[in-house]
Every structure is written in C-alpha cells, then in structure tokens.
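Heads up, the thing below is written out as structure tokens.
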Amino acid sequence: MVRKGFLLASIGGLLAVVVCAPAHAAERSWVPASCGTEPTAPAVDVSSVEKYNASVDKVSAYEKAARTYNACVSKTALKDETAISNEAREKIAYIHEGSTAVQQRIGANFTQLTTALKTGGAKLQKAAH
C-alpha cells in the first residue's frame, strides 16, 4: 500500500517550516551550539512500492527531527537576540544619560551667562546715565 497522503502532508509541513525562514538565512553562519547538528534530508527512492514506503518512513523521521531542531534553533535565537537587545538598550541608556547631562550643563551655563550679561548690561547702562 502506498502512503501518498501521508507523504504529501509531511512535505507540506516541511515546506511551511522552510518558507518561514528568511531567504538569505543560508548565507549566514550562526548556528546554536546547544541544538546539535541539523538533520540531513533523506533521499527519496520511488523505484518500487517498498522503497517508496521506506522513503515515507525516512521523511517522517526527518520531519520530526527537523521540527525539533528548528524549535531549538528558534528558542536559542530568541534568547541570543534578547540578550543582544538588552545589552544594546543598556549601552544606549548609558550614552543617552551622558548626552543629556552634557546638554543640561550647557543649558544651565547659557542661562547663567545670559542672566549675568543682562544684569551687568543693566548695571552699566544705569552707571552711564
């Protein structure tokens, strides 16, 4: 008996996993160390019903392993991305605080200098009359 429906459903499920990944992902070299080795897709042999059915079993096993591996990759990537994001947020906050402090000092200096110049100008104007 040929298990056509199962194979088509499995292939459809695998396509959904692959389609969700960015097209340029293969160009990248990041892989999580904690997920093991990416499963290798099996060869499909359709030369006989027996070999076809054996291929269905191999594809099924691959689908399970690929989904498990993909879940691990996704979880690890999210963890790494969150750590990078948090680190960047802390660095940005540090820079922002320093920049804000400089702006506040300069603003206070301008206020003080403007007040001193106005007061001095008014004093000199009174003395000149």
| query | Taking θ as phi - 60°, what are the ³J(HN,Hα) couplings along the stretch 86-96 by the Karplus curve (6.51, -1.76, 1.60), each to the nearest whole Hz, with x for Gly and Pro? | reply | 5, 5, 5, 4, 5, 5, 5, 4, 4, 5, 4
| query | With each pseudo-label sitting 7 Å past Cα toward Cβ, what's the THR40-ARG67 distance in nm, one decimal? | reply | 2.4
| note | The FRET efficiency for THR119 and THR82, from their Cβ-Cβ distance with R0 = 41 Å and rounded to 0.05, is 0.15
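None of the figures in this text is laboratory data; all of them are computed from the coordinates on show. If you're wondering where the values come from, they're calculated on a predicted model, not measured in any experiment. Cβ coordinates were reconstructed from backbone atoms using ideal geometry, including for glycine residues, and neighbour counts include every protein chain displayed.
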